[in-house]
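One structure is given here, and the rest of the page talks about it.
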Amino acid sequence: QVQLVESGGDLVQAGGSLRLSCAASGSIFRINAMGWYRQAPGKQRDMVATITSIGRTNYADSAKGRFTISRDSGKNTVYLQMNSLKPEDTAVYYCTITNWGTDYWGQGTQVTVSS
């Protein structure tokens, strides 16, 4: 079993910053990709940013220039630095990893951006 524990979600004013963290533990064999998705009320879950085992990153257009994804492979942890937050960034943010070909998801952390 693999467990993902997210942290860092909070209520923040527009223009502010947050840093999300997600630590993976358990039967970790080989983590390929790690990433962050988000889901706003009444909307589908969308990709925010992903990072591969060699550090190749991919961002949603809405995240480019404002968010930065990074990983600490030694700690099996992925981060999402979010700057210049907007009310439309309000959502539950989910961490995901691909471990030995299987996808795992965290429980989500709430990010609320007030205008």
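The values are calculated or read from the model by the stated rules, or taken from the named source; none is laboratory data. Quick caveat: nothing in here was measured; it's all calculated off a predicted structure. All Cβ positions, even for glycine, are placed from backbone atoms using ideal geometry, and neighbour counts span all protein chains on display. For the accessible areas, the whole protein counts, side chains as well, though only heavy atoms, and no ligand, DNA or RNA atoms are used. Shrake-Rupley method; radii C 1.70, N 1.55, O 1.52, S 1.80 Å.
Is it true that some residue in the stretch 95-102 is in a loop (DSSP other than H, G, I, E, B) and either more than 17 Å from residue 25 (Cα to Cα) or among the basic types (Lys, Arg) (or both)? Scanning the stretch 95-102 turns up no residue that is in a loop (DSSP other than H, G, I, E, B) and either more than 17 Å from residue 25 (Cα to Cα) or among the basic types (Lys, Arg) (or both).
For the stretch 34-48, the condition of being without any contact (Cβ under 8 Å) to a residue 40 or more places away in the chain and in a strand (DSSP E or B) holds for at least one residue.
Criterion applied to 72, 103, 89 was being open to solvent by 70 Å² or more (accessible area, probe 1.4 Å) and not small (Gly, Ala, Ser), and the one residue passing it is 103. Before we move on, is residue 94 open to solvent by less than 40 Å² (accessible area, probe 1.4 Å), modelled with pLDDT of 95 or more and among the hydroxyl-bearing types (Ser, Thr, Tyr)? Yes, satisfied.
Based on this model, can you work out whether residue 77 counts as β-branched (Val, Ile, Thr) and farther than 25 Å from residue 1 by Cβ? No: the conditions fail for residue 77. The residues of the stretch 46-57 that are under 10 Å from residue 91 (Cβ atoms) and open to solvent by 60 Å² or more (accessible area, probe 1.4 Å) amount to a single one, 46. Starting from residues that are within 11 Å of the chain's Cα centre (by Cα) and closer than 12 Å to residue 91 by Cβ, keep the ones in the stretch 14-45 and report whichever is most open to solvent (accessible area, probe 1.4 Å). Here the residue is 37. Residue 83 fulfils the conditions (1) within 17 Å of residue 9 (Cα to Cα); (2) more than 12 Å from the chain's Cα centre (by Cα); (3) surrounded by 15 or more Cβ atoms within 10 Å (Cβ to Cβ) except for a single criterion, (3). Inclusion of residue 58 among residues that are more than 23 Å from residue 3 (Cβ to Cβ) and part of a strand (DSSP E or B) is warranted.
Summed over the stretch 1-13, the residues that are more than 20 Å from residue 81 (Cβ to Cβ) and surrounded by fewer than 16 Cβ atoms within 10 Å (Cβ to Cβ) give a count of 2. Against the test of being of a type in the set (Ser, Thr, Tyr) and over 14 Å from the mean Cα position of the chain (by Cα), the options 70, 53 yield a single qualifying residue, 53.
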